[in-house]
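A.B. asks: Sending over a structure as structure tokens; questions will come in a sec.
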Amino acid sequence: MAVKFEYVTNPTSSVVGPRGYALQPYEIEKAVHRTRSIVDKLASFEVNVFEILGMRNLSAFVGEVFAASMILEHPDLLRKNPHQDGYPDLLLMDDDGNAAWDALSKRLREKGPFSPFPTGGFEVKATCGSVPTPAACLKRGFDKPDIGDQRIHVATGYDWKAHHRETNHLFGIYWDFIERCPTIVAVFYRADLVENDWGKIVQPKEGGGRTTSVSIMTRDGVKKMYEGWVTVIKSSTYASFFDKHNKAKLMTAAIKQL
């Protein structure tokens, strides 16, 4: 598999799942490269798949491709949650996980047994960050980035969203358009998220655009994820963005060491 971009991977990052099962940081980087390879194949279609999906769906798409890539890297260890709204996204198939799966083998189409899956696994959330409104962008002399346009130069921040405040063992992905394709630029991970790392549940408004309840990660939660960074694209622009947002210099320092 050809490597499209160079990444800096944190050799000391702790990617520990349920029951202390650890994944290696460089295995996560391999899944990132595989994700981009898959995206490149989609980009070669005669229709623009990314425009068809739209910005509202692209973060979920990137997260799903990363999750699928993780399974390809760990075919005997990880399994996709059979329910699209189940939790977590990636089921840990150690001895306990396999036993739980076998016990539920006749209930694979039910949501209840898989939300949550009794023995857990890893959750995946993706974001492309926040940018100013179209009006605010025009005031600053530029158009709001469209699908395919790199966003980092106007990004103002980022967070992740979940449906409940118990979300943990989380891979937090940040992606951007690079060469007009969705590209993972950083992966963060924490196994010690607590309820207070997530904001109050926001219920959908009648007639509004949101159809499900959502909790937005707090700034303290984002900082905790940042401190658990696993890999970042080798770019001072992105490293500086994450460092500035979290008032630290972890990523810039790591890139400078190379």
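Just so it is clear, none of the values below were taken in a lab; they were calculated from the coordinates. These numbers come from a predicted model, not from an experiment. Note that we place each Cβ from the backbone using ideal geometry, even for glycine, and neighbour counts take in every protein chain shown.
A.B. asks: For segment 49-178, with equal point scatterers placed on the C-alpha atoms only and solvent neglected, what are the log10 I(q)/I(0) values from the Debye formula at q = 0.10 1/Å, to two decimals?
C.D. replies: Listed by q, the Debye log ratios stand at -0.41.
A.B. asks: Further, regarding this structure: Label points 7 Å out from Cα along the Cβ direction at Lys161 and Ala43: separation in nm?
C.D. replies: 2.6
A.B. asks: What order do you get for Tyr158, Tyr26 when you list them from fewest to most C-beta neighbours inside 10 Å?
C.D. replies: Working: Tyr158 19, Tyr26 13.
Ascending Cβ contact count within 10 Å gives the list Tyr26, Tyr158.
A.B. asks: Starting from the alpha-carbon convex hull of the chain, give the projected area averaged over all orientations, in nm². Present the calculation step by step, with values, prior to reporting the outcome.
C.D. replies: Details: hull surface 61.6 nm².
Across all orientations, the chain yields a mean hull projection of 15.4 nm².
A.B. asks: What does the extension gain come out to for Phe142 and Asn57, with contour length at 0.36 nm per residue minus their alpha carbon separation? Please list the in-between numbers first.
C.D. replies: Values: separation 85, 0.36 × 85 = 30.60 nm, distance 2.45 nm.
Stretched fully, the Phe142-Asn57 segment lengthens by 28.2 nm.
A.B. asks: Starting from the coordinates of the alpha-carbon atoms of segment 117-220, obtain the Kirkwood hydrodynamic radius over all distinct pairs and give the value in Å to one decimal. Walk me through the numbers before you get to the answer.
C.D. replies: Numbers: mean 1/r = 0.0642 Å⁻¹.
Value: 15.6 Å, from the Cα pair sum.
A.B. asks: Would you mind checking Lys30/Lys80; Lys41/Lys161; Lys125/Lys224 for any pair whose Cα atoms are more than 21 angstrom apart? Write down the numbers at each step before the final one.
C.D. replies: Working: Lys30/Lys80 18 Å; Lys41/Lys161 28 Å; Lys125/Lys224 15 Å.
Over 21 Å Cα-Cα: Lys41/Lys161.
A.B. asks: Sort 190-199, 247-256, 99-108 for me by packing, meaning the mean count of neighbouring Cβ atoms within 10 Å per residue, highest on top.
C.D. replies: Numbers: 190-199: 16.7, 247-256: 14.8, 99-108: 12.7.
In decreasing order of mean packing, 190-199, 247-256, 99-108 become 190-199, 247-256, 99-108.
A.B. asks: So how do Glu64, Glu6 line up by other beta-carbon neighbours within 10 Å, fewest first? Walk me through the numbers on the way to the answer.
C.D. replies: Numbers: Glu64 17, Glu6 9.
In order of increasing Cβ crowding within 10 Å: Glu6, Glu64.
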